[in-house]
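The values are calculated or read from the model by the stated rules, or taken from the named source; none is laboratory data. Keep in mind it's a predicted model, so treat the numbers as computed, not measured. Heads up, the Cβs are rebuilt from the backbone with ideal geometry, glycines too, and the neighbour counts pull from every protein chain shown. Protein only, heavy atoms only, side chains kept; ligands, DNA and RNA dropped before computing areas. Shrake-Rupley method; radii C 1.70, N 1.55, O 1.52, S 1.80 Å.
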Amino acid sequence: PEAITVQELANRMAARGGEVVKALFRMGVMATLTQTIDADTAELVVNEFGHRVRRVSEADVEQGLEGVVDTDEELLPRPPVVTIMGHVDHGKTSLLDALRKTDVAGREAGGITQHIGAYQVTVEGGQKVTFIDTPGHAAFTAMRARGASVTDMVVLVVAADDGVMPQTIEAIHHAKAANVPLIVAVNKIDKEGVNLDRVRNELLQHEIVVESLGGDTMEIPVSATKAMNLDKLLEGILLQAEVLDLKANPMRAAEGTVIESKLDKGRGPVATVLVQRGTLRQGDLVVAGAEWGRVRAMLDDKGRQLKEADPSLPVEILGLSGVPSAGETFVAVENESRAREISEFRQRKLRDKQAAAAGAARGTLADMMA
Ligand code: GTP
Ligand code: MG
């Protein structure tokens, strides 16, 4: 059953808490501000105050967020979002670092690079590519489990001297399940005696047919540490992006996904979010997962303060009420009551889920004792 605290009910009606307590008292209900009352009682109070009740359903809350359909004219090209995956020690981090050094915008800024889980590089010629650094596949799985689709393609890093390994296969499955194209970056080609054909054949066994074997999977031999062929890899990514024809409408309220988050001692809750539609602005009211707040500050991966973030840009935002989980969606909303409405709805859903899970756990325990 739906329930609401007296305080929240007062907030929603823009009434004083004390007035609501009094109204309840007149109806024979003794409740303090922090106590919850059921939906029927709440409705009586609302009527008493001369308002009409609109009970919020899941559809009201969640569909409102994606309801507006963009027209073709509104859709503009956006940078691709690329996730780098691969087996342990095959050179994912080295490759990300190397690619980051190719960033022409970063070189100009000369700022201190922060470690955030996502960053954007500007390629020679002005095109942009966003990279997501999923720490292990767990984060990627968690995001997918939450239904978040953040990546447009996967770059699969395979060390030429080691070949296809268990996590390589896992990454192939992830890319297939997410239904996104995969580009193979065969890494460590600077090493003595590496055999690219061996890697190609191993990939073939997992139904990844690279171009040199007549398939359509792009394969780019690289060396992260020697910075070999990084331009070719970027070219390949941009080519793939062109085929995908990636677009988003920047002229609407921002929406996207939480990539990672933490509680920072000095700054409070910090979330790295990927803007996927619309433009996020400093000062915007956002709901992220069940948390909400006004974006007090917004920083890019180079630690620069931003006023605006457009589609495909990952940014760190400060100002949320708490720490949302990776994979949860965020959305900019028009006012505080809407922010509260969505946040509370999601909190309630979370509590219901936890209660159900706890109930199930109790059930199992009871079964065990029987
Ligand atoms: P995990 O995060 O532990 O899964 O590893 P990773 O995939 O991020 O690999 P990382 O970038 O940490 O590289 C692992 C080792 O391989 C390091 O010692 C790197 O210096 C080395 N390495 C990475 N790329 C290359 C390369 O292109 N050539 C050579 N020779 N060594 C490389
Ligand atoms: Mg690493």
- How many of the residues making up the stretch 1-55 are assigned to a loop (DSSP other than H, G, I, E, B) and among the basic types (Lys, Arg)? 4
- Message: Among the residues of the stretch 127-137, are any modelled with pLDDT of 75 or more, touching a His at 6+ places or on another chain (Cβ under 7 Å) and either open to solvent by less than 10 Å² (accessible area, probe 1.4 Å) or not in a helix (DSSP H, G or I) (or both)?
- Response: no
- Note on the structure: Reported set for the stretch 171-187 where residues are within 12 Å of ligand 1 (Cβ to nearest atom), farther than 16 Å from ASP133 by Cα and either surrounded by fewer than 23 Cβ atoms within 10 Å (Cβ to Cβ) or among the aliphatic types (A, V, I, L, M) (or both) is VAL186
- Query: Quick check, is GLY283 open to solvent by less than 40 Å² (accessible area, probe 1.4 Å), assigned to a loop (DSSP other than H, G, I, E, B) and over 28 Å from ILE4 (Cα atoms)?
  - Reply: yes
- Message: Regarding the stretch 77-90, can at least one residue be identified that is part of a loop (DSSP other than H, G, I, E, B), within 16 Å of ligand 1 (Cβ to nearest atom), at pLDDT below 90 and open to solvent by 50 Å² or more (accessible area, probe 1.4 Å)?
- Response: yes
- Item | Filtered residues of the stretch 174-223 (kept if more than 16 Å from ligand 2 (Cβ to nearest atom), part of a loop (DSSP other than H, G, I, E, B) and in contact (Cβ under 8 Å) with a residue 60 or more places away in the chain) | PRO181
- Item | Subset tally (residues that are open to solvent by 10 Å² or more (accessible area, probe 1.4 Å) and within 15 Å of the chain's Cα centre (by Cα)) for the stretch 293-311 | 2
- Item | The listed residue being open to solvent by 30 Å² or more (accessible area, probe 1.4 Å), within 23 Å of GLY289 (Cα to Cα), in contact (Cβ under 8 Å) with a residue 40 or more places away in the chain and not β-branched (Val, Ile, Thr), out of GLU260, GLU255 | GLU260
- For residues that are in contact with a helix residue (DSSP H, G or I) (Cβ under 7 Å, 6 or more places away or on another chain) and either modelled with pLDDT under 90 or of a type in the set (Ser, Thr, Tyr) (or both), tally how many sit in the stretch 18-30. 2
- Message: Go through the stretch 224-253 and report how many residues are away from ligand 2 (no atom under 16 Å from the Cβ), outside any helix (DSSP H, G or I) and within 16 Å of ASP97 (Cβ to Cβ).
- Response: 4
- Return yes or no: is GLY278 away from ligand 1 (no atom under 16 Å from the Cβ), more than 23 Å from ARG346 (Cβ to Cβ) and open to solvent by less than 70 Å² (accessible area, probe 1.4 Å)? no
